[in-house]
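K.L.:
Questions regarding the structure given below will be posed in turn.
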Amino acid sequence: MTPRNLGQFKVSPISLGCMNLSHAYGTPPSKADAVRLLNEALDYGYTMMDTAALYGFGVNEELVGEAIGHRRSQYTLASKCGMFKNDAGVREIDGRPDVIKKTCEDSLRRLGTDVIDLYYLHRWDFDVPLEDSVGALSDLVAEGKIKSIGLSEVSSQTLRKANKVHPITALQTEYSLWTRNPEIGVLETCRELGISFVAFSPVARGFLCGLLNDPSQLETKDLRNHMPRFQADNFEKNKQLLVGFGEVATEVGCSMAQLALAWVLAKDENIIAIPGTTNLKHMRDNFDSATVMLNSNQLRRLDDLINQKTVSGPRYNTATQAEIDTEEFV
């Protein structure tokens, strides 16, 4: 499997999003199971691990550090700052330079490492000039605490602005067949500036796996409960898209999740996908999707089947969308 460029690093085109081992999709796996999955992922060929201070309010970073810190030379380590809990223990976006630097120090401690390879600004804090937040990250590069800088969920204009302060290695945002926003301009800007694009939720938060039949059965703490596309009326409409999608998967000879991932990777050689999973078989199947080849006819059919015009409901609710600096389809 040919690695893809991530700034100064080369990583597996399918890398591992670690979030749901601690956070977001209901009850996480046991610690023992999570440790096993992380180690088996490295054994199987994954070479980048993506975490964040936010995930479990530090618990995910601690898990990664404890589980595979002894194998630190075997993977590129990505984490994020700029969104964490405040003094009241509530999630907050805070991009002040002193907060970014403290978060980094805490992340290094939790991860059990002296340097983070790729450190993202998880969200742009609109109350803080972008130059100040990116400047703080630049200071961390100069101090040797991080090796490179990434941004998450920002527009092309913001990406260009940040890149003038310090070279940006990667932009991370949601990208899948049912979330096509990066196609407005971000993907092109990344190509132009030589910035890698890291796609999170490439299987549409599990929707494109075809395994979720009734979102009313999701656990109370599952964040999909608050996402419009998983609400009853929208979900029933969106489920109809899976019929044709499944037919293409059968034709190609792969699972629906593998088809979704293969589509993402086929869109640009500059893209790295970071699906997450708590299931060992799914972890291996996801990785193997990098060997699934789609022809031009199959890609066109998928593009026509699932896109911003055929999917029902926006990707975020109004409150969450207000926090995002991204280019949105109308």
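FYI, it's all coordinate maths here, none of it is from the lab. For clarity, every value in this text was computed on a predicted model and none was experimentally measured. Please note: Cβ atoms are built from the backbone with ideal geometry, for glycine as well, and neighbour counts cover all protein chains shown.
K.L.:
Too long at a 30 Å Cα-Cα cut-off: which of LYS221/LYS281; LYS10/LYS239; LYS31/LYS237; LYS80/LYS281; LYS10/LYS237?
P.N.:
Values: LYS221/LYS281 24 Å; LYS10/LYS239 37 Å; LYS31/LYS237 37 Å; LYS80/LYS281 27 Å; LYS10/LYS237 40 Å.
The answer is LYS10/LYS239; LYS31/LYS237; LYS10/LYS237.
K.L.:
To continue, here is another question. With springs connecting C-alpha atoms under 10 Å apart, model the chain as a Gaussian network and identify which of ARG36, ARG315, ARG224 has the largest mean-square fluctuation.
P.N.:
Evaluated over the chain, the most mobile residue of the options is ARG36.
K.L.:
A follow-up question, please. On average, how much area does the Cα convex hull of region 52-177 cover when viewed from any direction, in nm²?
P.N.:
One quarter of the hull surface, i.e. the mean projection, equals 8.2 nm².
K.L.:
Which residues does the label zone of ARG191 cover in region 5-24, counting backbone N under 17 Å from a point 7 Å along Cα→Cβ?
P.N.:
5
K.L.:
What span do the alpha-carbon atoms of region 221-330 cover on each of the three principal axes, reported in whole Å from largest to smallest?
P.N.:
Taking the Cα atoms of region 221-330, the three principal extents are 39, 29, 28 Å.
K.L.:
Hey, what did region 215-290 get for relative contact order, percent, Cα under 8 Å, at least 6 apart? Let's see the in-between values first.
P.N.:
Values: 39 pairs, mean separation 15.2, N = 76.
Rounded, it is 20 percent for region 215-290.
K.L.:
In nanometres, what is the gap between the two model label sites at GLN217 and PHE57, each 7 Å from Cα along Cα-to-Cβ?
P.N.:
Label at GLN217, label at PHE57, 3.1 nm between them.
K.L.:
Let me ask something else about it. Which of THR277, THR250, THR173 ends up with the largest GNM mean-square fluctuation for the chain, with Cα atoms connected below 10 Å?
P.N.:
Result: THR250 has the largest fluctuation of those listed.
K.L.:
So which of LYS147/LYS309; LYS161/LYS267; LYS102/LYS147 end up more than 28 Å apart by C-alpha? Write out the running numbers ahead of the final one.
P.N.:
On the way: LYS147/LYS309 40 Å; LYS161/LYS267 25 Å; LYS102/LYS147 17 Å.
Listed pairs above 28 Å: LYS147/LYS309.
K.L.:
Relative contact order of the chain: what whole-number percent is it, with Cα pairs under 8 angstrom and at least 6 residues apart? Present the calculation step by step, with values, prior to reporting the outcome.
P.N.:
Working: 610 pairs, mean separation 68.0, N = 330.
In percent, rounded to a whole number, it is 21.
K.L.:
Here's something else I'd like to know. Taking R0 as 41 Å, what's the FRET efficiency between THR2 and ASN86 from their Cβ-Cβ distance, rounded to 0.05? Spell out each step's value before the answer.
P.N.:
Working: r = 43 Å, r/R0 = 1.05.
Result of the calculation: an efficiency of 0.45.
K.L.:
For region 5-87, state the average projected area of the convex hull of the C-alpha atoms over all orientations, rounded to one decimal in nm². Spell out each step's value before the answer.
P.N.:
Numbers: hull surface 24.4 nm².
Answer in nm², one decimal: 6.1.
K.L.:
At each listed q (0.12, 0.16, 0.20 Å⁻¹), what is the log10 of I(q)/I(0) that the Debye formula gives for region 185-265 modelled as equal alpha-carbon point scatterers?
P.N.:
Computed log10 I(q)/I(0) values: -0.45, -0.73, -0.95.
K.L.:
Expressed as an acute angle from 0 to 90° and rounded to the nearest 10, what is the orientation of the C-alpha long axis of helix 156-165 relative to the principal long axis of the chain?
P.N.:
Its long axis makes an angle of about 20 degrees.
K.L.:
Something else: Would you mind ranking HIS282, HIS166, HIS122, HIS70 by Cβ crowding within 10 Å, fewest neighbours first? Intermediate results must be reported in sequence, preceding the final value.
P.N.:
Numbers: HIS282 20, HIS166 17, HIS122 24, HIS70 11.
Ranked by crowding around the Cβ, least crowded first: HIS70, HIS166, HIS282, HIS122.
K.L.:
Out of all DSSP beta bridges with both ends in the chain, state the antiparallel percent to the nearest 5.
P.N.:
Working: 7 of 32 bridges.
Roughly 20 percent of the beta bridges in the chain run antiparallel, per DSSP.
K.L.:
Could you point to the residue in MET283, ASN234, GLY313 farthest towards the positive end of the chain's charge dipole, with +1 and -1 charges on the Cβ of Lys/Arg and Asp/Glu respectively?
P.N.:
Highest projection toward the positive end goes to MET283.
K.L.:
Only loop residues by DSSP count here, and only those with at most 13 other Cβ atoms within 10 Å; note down the GluC sites (Glu not before Pro) in region 25-132 that meet that. Write out the running numbers ahead of the final one.
P.N.:
Details: sites: GLU40, GLU61, GLU62, GLU66, GLU92, GLU105, GLU131; in loops: none.
Nothing satisfies the criteria.
K.L.:
Something else about it: Given a Förster distance of 30 Å, report the FRET efficiency between VAL252 and ARG36 from their Cβ-Cβ distance, rounded to the nearest 0.05.
P.N.:
Numbers: r = 30 Å, r/R0 = 1.00.
After rounding, the FRET efficiency stands at 0.50.
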